[in-house]
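For reference, the structure is listed below as structure tokens.
The values are calculated or read from the model by the stated rules, or taken from the named source; none is laboratory data. Being a predicted model, the structure only gives us computed values, none of them experimental. Here the Cβ positions follow ideal geometry from the backbone for every residue, glycine too, while neighbour counts run over all protein chains shown. To get the accessible areas, we keep the full protein, side chains included, count just its heavy atoms, and leave off ligands, DNA and RNA. Shrake-Rupley method; radii C 1.70, N 1.55, O 1.52, S 1.80 Å.
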Amino acid sequence: YADQRVDEAAEICREGLTLLARRGIDDPALRELQRRILRREPISPSRQAAPALAPVVPRMLPPELRRFVGRDAELAEARTELASGTTLLVTGPAGVGKTTFAIRLAHAERNRCPDGQLYVDLRGFDPAGTAMSPSEALRLFLDALQVPANRIPATEVAQVGLYRSLLAGRRMLVVLDNARDAD
């Protein structure tokens, strides 16, 4: 708008409002900005939209364990699956090396994910029984993506929308470790 590209600025506001509405988010400030643009009203710096979040490249993977033997065929198969854009689920009984396998795989694949790697231990099998809630994991990821606390929406649904928006169009690897169940 400041560069006299009024139609483009109004369209960006409209697209933003549409995306937010799909996630159940209402942004009165963005609606007001769009209205002022369409009326070609001057916009003082205090009335301008907040600057977009700069892309951050999180590197949350734990260090790779040196003691890892075997599983070369499984790693190759998993890398092929990930290359096709598939979500990969590693399952098995306790103590067989699922986490070690997943971390080894994640480190091997990190170059295919130049926009970052997110990792969280959901503590699904914590002896104290304190599994991480979805909202805690989501907050951890939003923090890793350097979303300022005052820009994190109040509801979990809106937080999920923000998380998806931040990952849209980016090639990122997300590792959810020690999930107790699908929920």
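The table for this structure:
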quantity: Exclusive hit being of a type in the set (Lys, Arg) and under 30 Å from VAL96 (Cβ atoms), set ARG164, ARG171, ARG151; calculated: ARG171
quantity: Residues being closer than 14 Å to GLU8 by Cα and open to solvent by 60 Å² or more (accessible area, probe 1.4 Å) - total across segment 23-38; calculated: 2
quantity: ASP26 vs. criteria modelled with pLDDT under 85, farther than 28 Å from ASP115 by Cα and not small (Gly, Ala, Ser); calculated: yes
quantity: Flag for LEU118 being outside any helix (DSSP H, G or I), in contact with a helix residue (DSSP H, G or I) (Cβ under 6 Å, 6 or more places away or on another chain) and within 28 Å of ASP27 (Cβ to Cβ); calculated: yes
quantity: Which numbered condition VAL157 fails, given (1) open to solvent by 60 Å² or more (accessible area, probe 1.4 Å); (2) touching a residue at least 60 places away in the same chain (Cβ under 8 Å); (3) over 17 Å from LEU19 (Cβ atoms); calculated: (3)
quantity: Residue count for segment 166-182, restricted to those that are over 20 Å from ARG112 (Cα atoms) and either among the basic types (Lys, Arg) or surrounded by fewer than 15 Cβ atoms within 10 Å (Cβ to Cβ) (or both); calculated: 3
quantity: Meets criteria (free of Cβ contacts under 8 Å to residues at least 12 places away in the same chain, over 23 Å from ALA179 (Cα atoms) and not hydrophobic (A, V, I, L, M, F, W, C)) for GLY70; calculated: yes
